[in-house]
Amino acid sequence: MKGFIEQQGTVLKTAGNLISVKIACEAACGGCSAKDSCSVVEKKDKIIVIEKHSKQQFNIGDTVTVAIRRDSALKAVLLAFVAPFSIILSALIILNFTDITETAAGLISVGILLPYFSLLWLLRKKLNNSFKIVINECQKL
């Protein structure tokens, strides 16, 4: 699908209109010929829960394709990584111009994230509705 980021996964569980899918995530260097002897390679399985939006039936063990729109993925990265980093950095810069010690400035900067992530938690249902993840059954060869 054009404009989507896709990954294949395996259905672990279905409950009503919710589907748990296991996705094998590999580091960007996964295609490197030295990956077997490299300690940098990271491979983890991630489990995501997706709300089914169609009448499709999925069974445990089915191979599926999970897709999210590129703009939704960018929004998620901005909310989860860029905004908190910017908040910490801004707070550190501002607090360094005050009479507060560096240790206190660092602790306050990290503490400022508590209201930010609390706000994200309060808005989780609204945010969840804005991130539509599509699930499709893989074509069998």
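The values are calculated or read from the model by the stated rules, or taken from the named source; none is laboratory data. In this text the structure is predicted, and so the values were computed from the model without any measurement. Cβ coordinates were reconstructed from backbone atoms using ideal geometry, including for glycine residues, and neighbour counts include every protein chain displayed.
Numbers for the structure displayed
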quantity	calculated
Selection count where residues are assigned to a loop (DSSP other than H, G, I, E, B) and touching a strand residue (DSSP E or B) at 6+ places or on another chain (Cβ under 6 Å), scope the range 44-98	4
Yes/no for LEU127 being touching a Leu at 6+ places or on another chain (Cβ under 9 Å) and at pLDDT 90 or above	no
Residue in the range 78-116 that is surrounded by the fewest Cβ atoms within 10 Å (Cβ to Cβ), counting only those that are within 30 Å of ILE133 (Cα to Cα) and hydroxyl-bearing (Ser, Thr, Tyr)	SER86
Test: LYS75 is surrounded by 12 or more Cβ atoms within 10 Å (Cβ to Cβ), modelled with pLDDT of 85 or more, closer than 26 Å to LYS126 by Cβ and under 23 Å from the mean Cα position of the chain (by Cα)	yes
Failed criterion for GLU102 (all others in (1) in contact with a Pro (Cβ under 6 Å, 6 or more places away or on another chain); (2) more than 29 Å from ALA73 (Cβ to Cβ) hold)	(1)
Every pair of residues 6+ apart whose Cβ atoms lie under 6 Å, when the first sits in the range 95-112 and is farther than 20 Å from PHE81 by Cα while the second is exposed (fewer than 10 other Cβ atoms within 10 Å of the Cβ) and among the polar types (S, T, N, Q)	none
Filtered residue count, the range 99-124, keeping only those that are of a type in the set (Ser, Thr, Tyr) and more than 13 Å from ILE88 (Cα to Cα)	3
